[in-house]
Every structure is written in C-alpha cells, then in structure tokens.
Amino acid sequence: MHRTGPRSKKAGLSDAYWRERLTPEQYRITRRKGTEAPFTGRYLHTMEEGVYCCVCCHSELFHSDAKFDSRSGWPSFFRPVEAGSVRTEIDRNLSMVRTEVLCSNCDAHLGHVFEDGPKPTGQRYCINSAALELDEG
C-alpha cells in the first residue's frame, strides 16, 4: 500500500499551508531543514511493527524491519521501503558535506544518510522522529 498525499513544490503548496498543517517542530524540521535534539525523538526506541510514513504527505518511507539501534540519537534505518521512496541531495550546511534525505513525494527534509550502517546495505538513514508517523496498520 503506497499512500500519497499533497505534493509541495510540485503542486505549488504554500508555506502557509505547511505552517497550518504541521506542528511548529514538524514544520521547522521538514520544511526548514531543522534537526531535533539527539536522544529526544518520539520514535528513537520504538520497536512496534509497521511502516514509517512522511508526516507531511503520508508517503511510506521506511519499514520497521529495517530499523536498528545505531546509538546515534536518531531513529535509524538501513534501507527505505522502496528505492524511490526517498531521494538525496548534497548538504553543505554547518561547514561539512553530508547527504540529505528527503521525501520523494513532497520534498520534506527527513534527515541524513551515512555509509556506516549494517549489512546488507551499509547505509544508516538517520531520520528525525518529527518527520515521521508510524502506521501500525
């Protein structure tokens, strides 16, 4: 099941739309490329089965089977639900180069991906809890 919701830039949704729909923390993280403080996120220690979806558009992003404890302070996954669920961009903020992870559907900032994750992918998708909602259905 692939749920989709509104597209942001692609459908011309305004900044006011996102401010009204999201909490201030969700807005700061997903629309302004913020980060939640480490070890504070709602889903950091969650181990319930389900699919983690984008808080903005409800697209499926990560399955709970791919979640692992990276001890980094953020929920971590070793692969997205499917190859096109997320996209990446180079992030040169904070005087470093990282790979930013965004929702492919609505361009929400989710977090960053690193090449120090477990097998089979070797990737660690470090994702802000505020960018996610867990669908246990």
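The values are calculated or read from the model by the stated rules, or taken from the named source; none is laboratory data. This structure is a prediction, so every number in the text was calculated from the model and none was measured. Cβ placement follows ideal geometry from the backbone for every residue including glycine, while neighbour counts extend to all protein chains displayed. Just so you know, the surface numbers come from the protein's heavy atoms only, side chains and all, with ligands and any DNA or RNA stripped out. Shrake-Rupley method; radii C 1.70, N 1.55, O 1.52, S 1.80 Å.
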| field | Residues within the stretch 1-22 that are at pLDDT below 95, surrounded by 11 or more Cβ atoms within 10 Å (Cβ to Cβ) and of a type in the set (A, V, I, L, M), tallied | value | 1
| message | When you scan the stretch 73-96, do you find a residue that is over 28 Å from L13 (Cα atoms), touching a strand residue (DSSP E or B) at 6+ places or on another chain (Cβ under 7 Å) and at pLDDT below 95, even just one? | response | no
| query | Within the stretch 102-137, can you find the residues that are surrounded by 16 or more Cβ atoms within 10 Å (Cβ to Cβ) and of a type in the set (D, E, K, R)? | reply | D107, R124, E133
| query | Among all residue pairs at least 6 apart or on different chains, which show Cβ distances below 8 Å where the first residue, located in the stretch 95-107, is free of Cβ contacts under 8 Å to residues at least 60 places away in the same chain and the second is open to solvent by less than 30 Å² (accessible area, probe 1.4 Å) and of a type in the set (D, E, K, R)? | reply | V97/D91; R98/D91; T99/D91
| message | Restricting to the stretch 44-71, count the residues that are open to solvent by 30 Å² or more (accessible area, probe 1.4 Å) and under 15 Å from the mean Cα position of the chain (by Cα). | response | 3
| task | Would you point out the residue of the stretch 23-43, among those that are under 12 Å from A108 (Cα atoms) and out of contact with any Cys (no Cβ under 7 Å at 6 or more places or on another chain), that is surrounded by the fewest Cβ atoms within 10 Å (Cβ to Cβ)? | result | R32
